[in-house]
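Taking it in order: structure first as structure tokens, then the write-up.
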Amino acid sequence: MVLMLKCSIVRGGGMRMKTNRKSDCSIIVQAFQKVIGACPMYFLFICIIDLLLGLTLALNTLALDNFFSLVGQYVAGKTVLSGVLSSLILLILCILANPVLNGLSTVFCLDYERKVIGKLEKMFNDKCAMQQTASFEETSFLDGINKAQKGVKNSVSLITGIVDATLIYIPYFLIIGVYLYSLKPNLIIIIFLFSIPIMFSQMFKSKLYASLEDKAAPLRRECEHYGECIIGKEKFKETRLLGAYNFFIKRYKNRLQTLNNVTMKTQVKSIRIELLFKIPVVLGHVITLLLLVRYLLDGSISVGNFGAVLASTAMIMNMLEQMICYIIGNSMKQIGTVDNYLKFMNIKESVGKQTNYEKAPAIELKDVSFSYPESKKDVISKVSIKFHSEEVIAIVGENGAGKSTLVKLISGIYLPNKGSVYFNGEDTRGLDPKTLMSNISSVFQDFQRYKMTLQDNIIISDTSTTLINQCAQNSLKEADLNVNSKVFPQGMNTMLSRDFDGVDLSGGLWQRVAIARGFYKKHNMILLDEPTAAIDPVEESKLYMKFIEFSRGKTSFIVTHRLALTKMADKIVVMDKGKVVQIGTHKELISINGKYQELYNSQSKWYVEN
């Protein structure tokens with residue numbers, strides 16, 4: 001008799017992370033806490049269904065034994081027909097309960113997994129948001145994120161698999177074990193003894209797949225990058241125009257081949273181990289059959305016992321193999337990625353003193369040096385400078401001088417390797433990053449183009465304001481962006497992406513949207529890092545005039561390569577090769593033979609000649 005087993009047993013199936021691996025038990029305990037804690041009552045409901053499923057599977061064998069025995073007694077005239085019919089009804093109910101409970105378990109488990117994965121992904125994203133920004137410049141950290149992302153879903157799959165093993169398979173084997181032991185102790189010993197080697201095979205496979213993930217993560221990231229270069233909307237135009245398709249597809253195939261080779265080697269080793277340890281399972285089948293025939297012939301067991309055990313032997317072996325190979329086996333494969341996820345979630349977060357600056361901050365840098373992770377070269381070297389509250393500061397210099405990095409240090413986005421940055425006399429290392437940046441706004445040259453409506457693009461920093469539409473309109477006016485029906489057919493509700501039946505904006509209009517977004521956020525300090533590169537010089541000058549006007553009462557920083565605009569700044573900082581080489585006003589610096597005068601004259605020469 002073939003019974004329907006659970007068909008979806010396996011479902012879905014700076015700052016560095018520590019590389020030493022915890023014990024499997026420790027990993028499972030931590031994963032249990034996170035998965036159960038996400039939806040505890042739903043988890044309890046799933047457990048009840050799984051337990052009932054395990055019990056009905058075992059009752060099938062007992063009901064079958066009872067039915068065969070009563071049929072034999074009825075044929076011998078030792079019992080009445082009603083007893084046989086009652087046992088038949090019980091057997092039918094047990095058989096029908098199996099697919100019903102199996103279906104309920106599958107449906108509810110899939111729904112449970114979706115909900116828990118959503119909550120774990122939110123926790124993962126929150127954790128990412130609490131990390132130091134400089135860590136995202138580190139290759140090992142990015143590899144860690146890639147590996148941890150895979151572990152989010154596998155954490156849920158691991159725990160649901162263990163729950164299946166505990167509540168479906170273990171109750172089944174306990175009941176069947178007692179039943180077989182009551183018939184002949186040898187039967188249970190032989191069946192379970194020959195399953196032990198399979199358990200050892202899964203332990204070996206666990207180590208194989210944990211090692212595989214360490215090798216596969218960086219290769220997987222490279223493949224994703226080259227794939228984005230080939231078909232990504234932001235990159236495919238340049239790829240086609242430069243004729244770089246063949247270059248990227250060659251790189252993509254090379255990395256993919258390497259990834260496939262690494263994966264294949266691990267899978268081949270895994271299959272060899274599994275085949276080697278499956279030999280005892282086959283022997284177990286043969287020996288069990290021979291013993292049953294012997295016990296039947298010598299009268300040790302009845303025909304009913306023989307029929308029930310014989311019909312259930314294949315199922316028992318199948319259940320054992322499922323639990324060990326699929327439940328435990330897949331758990332061993334997943335446990336490496338789950339460990340990566342837990343390691344990432346246990347990384348120390350950037351925390352500090354809660355602070356809230358009501359007024360524009362005064363900022364001081366004392367002997368500040370900074371280098372990016374995995375780089376020995378300082379991009380900022382021994383910088384000491386003071387900025388007064390409500391000052392407008394322009395930061396200028398050649399490409400690679402360190403202007404953008406300095407601004408990120410000033411704002412607390414990066415923390416210095418040496419020296420200190422002080423906000424109103426408090427070291428940024430000791431301040432909570434979230435509250436530190438709560439009153440800082442910014443517009444960077446590499447601003448984001450969100451595939452959302454115009455209004456959503458503006459208000460992302462604060463959706464709780466009661467006058468959202470009015471505040472967004474004011475920000476657009478400050479950014480000198482006219483919302484006309486020709487460019488924005490649905491006004492503020494115009495979708496800014498052709499991917500969602502919207503419109504696509506020019507680079508200049510996108511920059512104005514980004515500037516409006518920066519103006520919208522409540523702030524007493526603002527950073528503009530080359531925010532007008534796609535806007536023509538005349539419009540840029542007007543925009544900077546507006547910026548100066550709206551920056552009154554705020555500490556403001558402007559990073560620009562157009563020195564003609566620096567005349568409006570209260571203070572100009574000139575950078576060269578990571579160092580501050582000059583500080584002063586335009587009038588002071590233009591009269592001194594130095595870097596500022598050199599840069600200014602080289603630019604004015606081109607304007608005069610043109």
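The values are calculated or read from the model by the stated rules, or taken from the named source; none is laboratory data. Treat the numbers as computed from the prediction; the structure is a model and nothing was measured. Don't worry about glycine lacking a Cβ; one is built from the backbone with ideal geometry, like all the others, and counts go over all protein chains shown.
Listed here are the residues, each with its yes/no results for (1) of a type in the set (Lys, Arg); (2) in the same structural domain as MET332 (by TED's automatic domain parsing); (3) assigned to a helix (DSSP H, G or I).
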{"residue": "GLY243", "(1), (2), (3)": "no, yes, no"}
{"residue": "LYS250", "(1), (2), (3)": "yes, yes, yes"}
{"residue": "ASN261", "(1), (2), (3)": "no, yes, yes"}
{"residue": "MET264", "(1), (2), (3)": "no, yes, yes"}
{"residue": "GLN267", "(1), (2), (3)": "no, yes, yes"}
{"residue": "SER270", "(1), (2), (3)": "no, yes, yes"}
{"residue": "ILE279", "(1), (2), (3)": "no, yes, yes"}
{"residue": "LEU291", "(1), (2), (3)": "no, yes, yes"}
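Looking only at the stretch 22-43, decide whether some residue is within 30 Å of GLU137 (Cβ to Cβ) and modelled with pLDDT under 65. Taking every residue of the stretch 22-43 in turn, at least one turns out to be within 30 Å of GLU137 (Cβ to Cβ) and modelled with pLDDT under 65. A residue that is touching a Phe, Trp or Tyr at 6+ places or on another chain (Cβ under 8 Å), modelled with pLDDT under 85 and small (Gly, Ala, Ser) occurs somewhere in the stretch 141-152. When residues in the stretch 123-146 are screened for being under 12 Å from the mean Cα position of the chain (by Cα) and hydrophobic (A, V, I, L, M, F, W, C), 6 of them pass.
For the stretch 93-130, filtering for residues that are closer than 22 Å to PHE370 by Cβ and either modelled with pLDDT of 90 or more or touching an Asp or Glu at 6+ places or on another chain (Cβ under 7 Å) (or both) leaves 1. Starting from residues that are small (Gly, Ala, Ser) and under 27 Å from GLN334 (Cβ atoms), keep the ones in the stretch 209-260 and report whichever is modelled with the lowest pLDDT. This residue is ALA210.
Going through the stretch 572-585 one residue at a time, which ones are aliphatic (A, V, I, L, M) and surrounded by 15 or more Cβ atoms within 10 Å (Cβ to Cβ)? Correct list: ILE572, VAL573, VAL574, MET575, VAL580, ILE583.
The residue that is nearest to LYS153 (Cα to Cα), among those in the stretch 337-373 that are polar (S, T, N, Q) and either touching a Cys at 6+ places or on another chain (Cβ under 6 Å) or not in a strand (DSSP E or B) (or both), is THR337. Does at least one position in the stretch 429-437 carry a residue that is surrounded by fewer than 21 Cβ atoms within 10 Å (Cβ to Cβ) and under 30 Å from LEU505 (Cβ atoms)? Yes, because at least one residue in the stretch 429-437 is surrounded by fewer than 21 Cβ atoms within 10 Å (Cβ to Cβ) and under 30 Å from LEU505 (Cβ atoms). Which pairs do you get when a residue that is farther than 20 Å from TYR544 by Cα, found in the stretch 496-516, comes within reach of a residue that is outside any loop (DSSP other than H, G, I, E, B) and at pLDDT below 90, reach meaning Cβ atoms under 6 angstrom, with the pair 6+ apart or on two chains? Within 6 Å, the pairs are ASP504/ARG498.
Out of the residues in the stretch 512-571 that are acidic (Asp, Glu) and assigned to a loop (DSSP other than H, G, I, E, B), state the one that is surrounded by the most Cβ atoms within 10 Å (Cβ to Cβ).
Filtering the stretch 512-571 for residues that are acidic (Asp, Glu) and assigned to a loop (DSSP other than H, G, I, E, B), the one surrounded by the most Cβ atoms within 10 Å (Cβ to Cβ) comes out as GLU530.
In the set (1) surrounded by fewer than 18 Cβ atoms within 10 Å (Cβ to Cβ); (2) of a type in the set (S, T, N, Q); (3) within 25 Å of THR313 (Cβ to Cβ), THR106 fails one condition alone, (3).
When GLY419, GLY400 are screened for being surrounded by fewer than 19 Cβ atoms within 10 Å (Cβ to Cβ) and not in a loop (DSSP other than H, G, I, E, B), only GLY419 passes. Answer with yes or no whether GLN149 is assigned to a loop (DSSP other than H, G, I, E, B) and under 24 Å from the mean Cα position of the chain (by Cα). Answer is no for this residue. Residues that are of a type in the set (Gly, Ala, Ser), at pLDDT below 90 and closer than 30 Å to GLU121 by Cα occur in the stretch 339-362; there is at least one.
Select from the stretch 266-319 the residues that are at pLDDT 80 or above, within 20 Å of PHE200 (Cα to Cα) and among the basic types (Lys, Arg) and write down the one among them that is surrounded by the most Cβ atoms within 10 Å (Cβ to Cβ). If we take residues in the stretch 266-319 being at pLDDT 80 or above, within 20 Å of PHE200 (Cα to Cα) and among the basic types (Lys, Arg), then LYS269 is surrounded by the most Cβ atoms within 10 Å (Cβ to Cβ).
Going by the conditions given, is TYR414 under 20 Å from ILE526 (Cβ atoms) and assigned to a strand (DSSP E or B)? No; evaluated as a whole, the condition is false for this residue. The residue list ILE316, ILE287 contains one member that is in contact with a helix residue (DSSP H, G or I) (Cβ under 7 Å, 6 or more places away or on another chain), aliphatic (A, V, I, L, M), part of a helix (DSSP H, G or I) and under 25 Å from LEU70 (Cα atoms), which is ILE316.
In summary, ILE324 fulfils each of the numbered conditions (1) under 27 Å from LYS215 (Cβ atoms); (2) touching an Asp or Glu at 6+ places or on another chain (Cβ under 9 Å); (3) buried (at least 21 other Cβ atoms within 10 Å of the Cβ) with the single exception of condition (2).
Per this entry, GLY177 is counted among residues that are of a type in the set (Gly, Ala, Ser), closer than 24 Å to PHE277 by Cα and either modelled with pLDDT under 85 or outside the structural domain of LEU320 (by TED's automatic domain parsing) (or both). State yes or no: is LEU509 more than 21 Å from GLU540 (Cα to Cα) and surrounded by 12 or more Cβ atoms within 10 Å (Cβ to Cβ)? The answer is no for LEU509. If you go through the stretch 293-313 and pick out every residue that is part of a helix (DSSP H, G or I) and closer than 17 Å to LEU70 by Cβ, you end up with 8. Of the residues screened, GLY518 is not one that is under 21 Å from SER389 (Cβ atoms), out of contact with any Ser or Thr (no Cβ under 9 Å at 6 or more places or on another chain) and small (Gly, Ala, Ser). In the stretch 370-399, the residues that are under 17 Å from LYS595 (Cβ atoms) and in the same structural domain as LEU528 (by TED's automatic domain parsing) reach residues that are part of a loop (DSSP other than H, G, I, E, B) and among the basic types (Lys, Arg) with C-beta atoms within less than 8 angstrom, at least six apart or across chains, in these pairs: SER381/LYS577. The set of residues from the stretch 462-501 being at pLDDT 90 or above and either under 33 Å from the mean Cα position of the chain (by Cα) or not assigned by TED's automatic domain parsing to the domain that holds ARG517 (or both) comprises MET492, ASN493, THR494, MET495, LEU496. Residues that are assigned to a strand (DSSP E or B) and hydrophobic (A, V, I, L, M, F, W, C) were ranked within the stretch 374-387; the one that is nearest to GLY425 (Cα to Cα) is PHE387.
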